[in-house]
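Remarks on the structure that follows.
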Amino acid sequence: MVEGKFITLEGAEGAGKSTQLQRLGDALNRAGVDVVRTREPGGSPAAEEIRTMLVSGETQRWVPETELLLHTAARVEHVASIVKPALAGGSWVVCDRFHDSTVAYQGHGHKLGTDMIDQLHQLLFGAFQPDLTLIFDLPVDMGLKRTQHRGGGEDRYERMEMEFHERLRHGFLEIADRHLDRCAVIDAAKDEDDVYQDVIACVNASFSLALD
Ligand code: TMP
C-alpha cells in the first residue's frame with residue numbers, strides 16, 4: 001500500500017488552525033482520501049494525559065527543559081500509536097502542531113535555542129518530518145484577542161508575556177525560511193474563507209490535487 005501524506009498546521013495562538021484543519025480534512029475526504037485528524041500535544045490517550053499537564057496551571061509550572069521533554073514524550077506516544085500506523089495504512093494525517101511548535105515555543109519562546117531540540121528530534125524520530133507544513137501567521141495582538149473567549153482552562157501558554165508571543169511569531173517565520181522545501185506561510189489575518197482558499201491552493205500545488 002502507498003504511504004499516506006503527513007500535513008502539519010503550525011502557528012501562534014488564535015491563528016484559526018483548528019477550523020482550517022477540519023475544512024481541509026473535509027476537502028480531502030470529498031476527494032476520496034482517508035484522513036486522520038489529530039493534534040499535539042495529545043492525539044492519543046497517553047499523550048492527552050501529558051497534554052493536560054502542559055496546557056493548564058501556572059505559566060511558570062515547568063522549567064523549560066522539562067516542558068521540552070514533556071512535549072517530546074507526548075510526541076513519542078502520538079507518533080508511535082497514531083501517526084505512523086495511519087501513514088503506513090495509506091491514510092493521510094493532518095495534524096494541529098508538531099515538532100515546529102517545539103522549536104518555536106520552547107526554542108524561541110523559552111529561549112532554549114534550536115540545537116538541543118533538533119538533536120532530540122533526530123535522536124528519537126530520525127529524518128521523520130511532515131510532507132507539508134502550513135505556517136499560519138498573524139499579528140500577535142490579533143491572535144490573542146481571538147483566543148479570549150475560548151475557556152476550557154487550556155490557556156497556560158496564552159497567559160505568557162507579550163514578548164514570549166512576539167518571539168513565537170518570529171520563530172515560526174524563521175522556521176519557514178529554513179525549510180522552504182516543506183513549509184508555506186499562510187496569511188491568517190484574512191477572513192476564514194480566504195484563508196481556506198490559500199490552504200487549498202498550497203495543498204493542491206504540493207500534491208498535484210484538485211481539491212476545492
Ligand atoms: P493548542 O492550543 O494549539 O492546542 O496547543 C497547546 C499549546 O501547546 C499551545 O499553546 C502551544 C503549545 N505547544 C508547545 O509549547 N510546544 C509543542 O511542542 C507543542 C506541540 C505545543
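Looking at (1) in contact with a helix residue (DSSP H, G or I) (Cβ under 7 Å, 6 or more places away or on another chain); (2) at pLDDT 95 or above; (3) over 22 Å from Gly152 (Cα atoms), which is the one condition that is false for Glu3?
All conditions are met except number (2).
Please work out which residue is farthest from the chain's Cα centre (by Cα), limiting yourself to region 105-156 and to residues that are polar (S, T, N, Q) and at pLDDT below 95.
Among them, the one singled out is Gln148.
Just need a number here: residues in region 39-49 that are within 11 Å of the ligand (Cβ to nearest atom) and either in contact with a helix residue (DSSP H, G or I) (Cβ under 7 Å, 6 or more places away or on another chain) or among the polar types (S, T, N, Q) (or both).
5
Any residue in region 50-68 that is under 12 Å from the mean Cα position of the chain (by Cα) and either touching a residue at least 40 places away in the same chain (Cβ under 8 Å) or within 16 Å of the ligand (Cβ to nearest atom) (or both)?
no
Look through Ser81, Ser101 and report the one residue that is among the small types (Gly, Ala, Ser), buried (at least 19 other Cβ atoms within 10 Å of the Cβ) and either within 23 Å of Ala46 (Cβ to Cβ) or touching an Asp or Glu at 6+ places or on another chain (Cβ under 7 Å) (or both).
Of the residues listed, the single one that is among the small types (Gly, Ala, Ser), buried (at least 19 other Cβ atoms within 10 Å of the Cβ) and either within 23 Å of Ala46 (Cβ to Cβ) or touching an Asp or Glu at 6+ places or on another chain (Cβ under 7 Å) (or both) is Ser101.
Name the residue that is farthest from Val94 (Cα to Cα), counting only residues in region 31-67 that are assigned to a loop (DSSP other than H, G, I, E, B) and among the acidic types (Asp, Glu).
Glu58
In region 80-192, which helices (runs of 4 or more DSSP H) lie fully inside it and hold 3 or more residues that are within 15 Å of the ligand (Cβ to nearest atom)?
Hits in region 80-192: 99-102, 115-125, 140-147, 162-178.
Pairs under 7 Å by beta carbon, first residue farther than 16 Å from Val83 by Cα in region 26-40, partner of a type in the set (A, V, I, L, M) and not in a helix (DSSP H, G or I), six or more apart or different chains?
Matching pairs, first to second residue: Ala27/Leu211; Leu28/Val35; Leu28/Leu211; Asn29/Val35; Ala31/Leu209; Ala31/Leu211.
Quick check on region 13-23. Is at least one of its residues within 14 Å of the ligand (Cβ to nearest atom), crowded, with 21+ Cβ neighbours inside 10 Å and among the hydrophobic types (A, V, I, L, M, F, W, C)?
yes
The values are calculated or read from the model by the stated rules, or taken from the named source; none is laboratory data. Keep in mind it's a predicted model, so treat the numbers as computed, not measured. Don't worry about glycine lacking a Cβ; one is built from the backbone with ideal geometry, like all the others, and counts go over all protein chains shown.
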